[in-house]
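> Take this structure first; my questions come after.
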Amino acid sequence: MGIVRPVLWPVITLLVIGSTHLLAEAIRPALHEVIGPAVVMPIYLAVGAWVALDTARHGRGFVGGLVSAVALGILPVLLQLIGFGTILGRASDEVVNSALFGLFALTWGGAIGAGIGASLTARSAEVGSALLSGDSARAQASR
């Protein structure tokens, strides 16, 4: 199965959001003042968490989940550099800042999702329940 299934729908989602965002600002440039970091940050956090959680739950663990979120972070970078930078002609400094913001926000969301996904695995649950019950020998054996 690999990483394709956990990444598929978050990629499609970001493509829909990014293309409609680009289209909206191409039609109405004043929307640039409305659609700022405070608007896109929750989207990036949610999608980053989503992809990392699903990846971690499909056996790729914390690191695999985080890597999938970072890889997904390439989409907002491309949207900013190609879409807003090249097509709409925005200032390069602003485009680079927005591109990095998207990459980092997806990574932060990915850290949240990967952590949750890794904590939901059976092995992690065994260690956690052993520690909670005070059975340190069982916790060591589960690791």
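The values are calculated or read from the model by the stated rules, or taken from the named source; none is laboratory data. Small disclaimer: the values here were computed from a predicted structure and weren't measured. Because the Cβ atoms are built from the backbone with ideal geometry, glycine has one as well, and the counts that use them run over all protein chains shown.
> Taking the stretch 93-126 on its own, how many of its residues are within 20 Å of Val47 (Cβ to Cβ) and modelled with pLDDT of 90 or more?
21
> Looking at the stretch 25-34, can you tell me whether even one residue there is over 29 Å from Val4 (Cβ atoms), surrounded by 15 or more Cβ atoms within 10 Å (Cβ to Cβ) and in contact (Cβ under 8 Å) with a residue 60 or more places away in the chain?
Yes, that holds for at least one residue.
> What is the one condition in (1) of a type in the set (Ser, Thr, Tyr); (2) touching a residue at least 60 places away in the same chain (Cβ under 8 Å); (3) within 21 Å of Glu94 (Cβ to Cβ) that Thr55 does not satisfy?
For Thr55, the exception is condition (3).
> Could you give me the residue pairs with C-beta distances under 6 Å whose first residue belongs to the stretch 83-101 and is closer than 19 Å to Gly73 by Cβ, whose second residue is at pLDDT below 90 and small (Gly, Ala, Ser) wherever it lies, and which are 6+ apart or on separate chains?
Val95/Gly85
So that you can scan it fast, the table gives a plain yes or no per residue for (1) more than 15 Å from the chain's Cα centre (by Cα); (2) at pLDDT 90 or above:
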position	(1), (2)
Ile12	no, yes
Ala24	yes, yes
Val51	no, yes
Gly59	yes, no
Gly64	no, yes
Ala71	no, yes
Ile74	no, yes
Ala91	yes, no
